[in-house]
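One structure is given below, encoded as structure tokens.
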Amino acid sequence: GNAMVESDYAFKTTEPLSTVYVSANAAAEGSGSHANPFKTIQAALDYLAINNITNNPTAIALTGSYTENITWPSTDLHITLKGEFTSSSANVIIDGNLSGRVIEINGTGAELTIENLTIKNGYNFDHGPGIYLGSNSAITLNNVIVRNNSNLGFKNGAGLYAGSSSNTINILNS
């Protein structure tokens, strides 16, 4: 007859990654591992927020140019976005492609760090086409170049705009 054979294969659950990788050269959206990176920075940041990574959540963008308009996830996690460490922050570029803000942080109480990259070509008719920081938030920029961002509405902060006086901004080596 038909005998049932018990398998000794154990299912393993995978813990969400606390450090995820992004490659502009990825063929498709991956899992975020170094071997199978996300294709977009947005996907990496969303992954960290959705999985509520509390242990040093970090997205590492590998060398390349990323054409994106990023909406920072609304979360109280202290997420770090950093370019792959090289001798120059010009090796990892987030390019807004003149189609909106490059990085928009709307949540209140956000705390974030951005390191080792270039933010360029943000474009809009409002405040902060490069980086827009909502209210009651804290941002640290370390070794970051912010350039060629334009606002045509005669508003403030083409490179970086802080939406309230209760924001904390730390700029290091930038």
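Between 0 and 90 degrees, the angle of helix 41-50 with respect to the longest Cα principal axis of the chain falls at about 60 degrees. Give the label of the value calculated from the structure for mean projected area of the Cα convex hull in nm², choosing from (1) 11.3; (2) 12.9; (3) 9.5. Among (1) 11.3; (2) 12.9; (3) 9.5, the one derived from this structure is (2).
For segment 31-164, carbon and sulfur atoms together expose 47% of the accessible surface, with a 1.4 angstrom probe and every protein chain in place.
Distance from the alpha carbon centroid of segment 42-77 to that of segment 92-160 works out to 15 angstrom. Distances between placed amide hydrogens fall under 5 Å for Gly83 paired with Ala61, Glu115, Asn116, Leu117, all partners being 5 or more residues away or on another chain.
Projecting the Cα atoms of Pro37, Leu17, Val144 onto the charge dipole of the chain (Cβ charges, centred on the Cα centre) puts Val144 farthest toward the positive pole.
With contributions of -39500 (n - 2.57) from each DSSP H run of at least four residues, the per-residue ellipticity at 222 nm computed over the chain stands at -1500 deg cm²/dmol.
Simple point charges give the picture: +1 on the Cβ of Lys and Arg, -1 on the Cβ of Asp and Glu, and for the chain a dipole about the Cα centre of about 580 debye.
Heavy-atom accessible surface of His127, to the nearest 10 Å², is about 40 Å², with a 1.4 Å probe and all protein chains retained.
Of the whole protein surface, Asp46 contributes about 60 Å² of accessible area at a 1.4 Å probe radius.
Spatially close Lys pairs in the chain, defined by Cα atoms under 20 Å apart and a spacing of eight or more places or different chains, total 4.
Near Val92, the amide H atoms lying under 5 Å from its own belong to Gly64, Thr118; only residues 5 or more places off or on other chains count, and H is placed 1.01 Å from N. So if each residue of separation counts as 0.36 nm, and I subtract the Cα-Cα distance between Thr54 and Phe154, what length gain in nm does that give? Using 0.36 nm per residue and subtracting the Cα-Cα distance, I get 32.1 nm.
The values are calculated or read from the model by the stated rules, or taken from the named source; none is laboratory data. Because the structure is a prediction, the values reported are computed rather than measured. Here the Cβ is made from the backbone with ideal geometry for all residues, glycine too, and neighbour counts use every protein chain on show. Ligands, DNA and RNA are excluded from the accessible area calculation, which covers all protein heavy atoms including side chains. Shrake-Rupley method; radii C 1.70, N 1.55, O 1.52, S 1.80 Å.
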